[in-house]
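*Asks:* Before we start, here is the structure in question, set down as structure tokens.
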Amino acid sequence: MESTTRADRTAAWLVHAYTASGSVLALLMIHFAYLGEVRTVLWLFLASMVIDGSDGFLARHFQVKTHAASFDGALLDNIVDYLTYVFAPAVLLWSNGYLPDGAFGGVCASVPLLASCYQFCRSDAKTDDHFFLGFPSYWNVLAFYVIVLDLGPSLTATLLLVFAVLVFVPIKYVYPSRTARLWTLNMTLATVWLGLFAWITAQLPDPATWLVITSLGYVVYYTAVSLWLTFDSSRDS
């Protein structure tokens, strides 16, 4: 049995602290959303995605399951992701007039929260071959494009409802840092997209059209590859 040194335990707990820092980012997202500082919230979205995209690598490298065995890092990750990918984006859209007025706007903001409660708690949300099953609650990405494209409240509400339904549709979506097939290409494009996210956010409220279109190209690619791999794997099984 592999021994655990103090350095091993320290490294493991630092990785967990790194993941947990996302909860503070979520608090800041909500704070600045209510202040109407939309671009600041988008920068915080970016920071949370960088943490989420890198903490898994660190956890595996520092063997946190071995060296901090008493702590459930996967549960922590789900809690933080729910706050940053689901709750904070819903608050941002509702508090800044991107959803319809009145009670219906509150309903539209609530639907992603409820759908994602199911998504985050289902035992097969992440498949054995490292895909997300059902729309993987990328509400922060949806909120980003609502803001960048300046979509109206009715269209935004429709998109929220459509994607909430897709949570329950058994499509396998690429998990960029874990899905084995096309891993290098997927990770490269995901990293480029994060760079485009930053570039577009820096240019708000009037980002270059070509930047937005280029970033949407990755969304199209991600969707197409996910659909292809879903049907390809179902044909093989």
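*Asks:* Among the residues of the stretch 204-213, which ones are exposed (fewer than 14 other Cβ atoms within 10 Å of the Cβ) and assigned to a helix (DSSP H, G or I)?
*Replies:* Thr209, Trp210, Ile213
Quick grid of which residues meet (1) surrounded by 12 or more Cβ atoms within 10 Å (Cβ to Cβ); (2) of a type outside the set (Val, Ile, Thr); (3) under 21 Å from Ser48 (Cβ atoms); (4) modelled with pLDDT under 95:
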| residue | (1), (2), (3), (4) |
| --- | --- |
| Asn186 | yes, yes, yes, no |
| Ala198 | yes, yes, yes, no |
| Ser215 | yes, yes, yes, no |
| Trp228 | yes, yes, no, no |
| Asp236 | no, yes, no, yes |
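*Asks:* Something else about it: Give just the number: which of (1) farther than 27 Å from Ala109 by Cβ; (2) modelled with pLDDT under 95 does Lys126 not satisfy?
*Replies:* All conditions are met except number (1).
*Asks:* Also, quick follow-up: Consider the stretch 170-197. How many of its residues are hydroxyl-bearing (Ser, Thr, Tyr) and not in a loop (DSSP other than H, G, I, E, B)?
*Replies:* Count: 4.
*Asks:* Select from the stretch 1-28 the residues that are assigned to a helix (DSSP H, G or I) and touching a Ser or Thr at 6+ places or on another chain (Cβ under 7 Å) and list them in ascending order.
*Replies:* Across the stretch 1-28, the qualifying residues are Gly22, Leu25, Ala26.
*Asks:* Can you tell me which residue among Asp55, Asp101 is at pLDDT 95 or above, under 21 Å from Ala125 (Cα atoms) and of a type in the set (Asp, Glu)? So that I can check it myself, show each step before the final result.
*Replies:* On the way: Asp101 fails: under 21 Å from Ala125 (Cα atoms).
Being at pLDDT 95 or above, under 21 Å from Ala125 (Cα atoms) and of a type in the set (Asp, Glu) holds for just one of Asp55, Asp101, which is Asp55.
*Asks:* Please count how many residues of the stretch 151-169 are part of a loop (DSSP other than H, G, I, E, B) and in contact (Cβ under 8 Å) with a residue 40 or more places away in the chain. Let's see the steps before the verdict.
*Replies:* Here is the first cut: in the stretch 151-169, the residues part of a loop (DSSP other than H, G, I, E, B) are 151-152, 167-169.
Pick out the ones that are also in contact (Cβ under 8 Å) with a residue 40 or more places away in the chain and you get 151, 167-168.
Total meeting the criteria: 3.
*Asks:* Identify, from the list Ala12, Ala59, the residue that is in contact (Cβ under 8 Å) with a residue 40 or more places away in the chain, over 29 Å from Ala143 (Cα atoms) and surrounded by 19 or more Cβ atoms within 10 Å (Cβ to Cβ).
*Replies:* Unique residue meeting the criteria: Ala12.
*Asks:* Could you list, in sequence order, all residues of the stretch 195-214 that are among the hydroxyl-bearing types (Ser, Thr, Tyr) and in contact (Cβ under 8 Å) with a residue 24 or more places away in the chain?
*Replies:* Thr201
*Asks:* Right, another one. Would you point out which residue out of Val169, Val174, Val146 is surrounded by fewer than 18 Cβ atoms within 10 Å (Cβ to Cβ) and either more than 16 Å from the chain's Cα centre (by Cα) or aliphatic (A, V, I, L, M) (or both)?
*Replies:* Residue meeting the stated conditions: Val169.
*Asks:* I've got another one for you. Are any residues in the stretch 81-137 over 17 Å from the mean Cα position of the chain (by Cα), in a helix (DSSP H, G or I), surrounded by fewer than 17 Cβ atoms within 10 Å (Cβ to Cβ) and in contact (Cβ under 8 Å) with a residue 12 or more places away in the chain, and if so, which ones?
*Replies:* The answer is Phe104, Gly106, Ser110.
The values are calculated or read from the model by the stated rules, or taken from the named source; none is laboratory data. No experiment lies behind these values; they were computed from the predicted model shown. Reconstructed Cβ throughout: ideal geometry from the backbone, glycine too, with neighbour counts over all protein chains shown.
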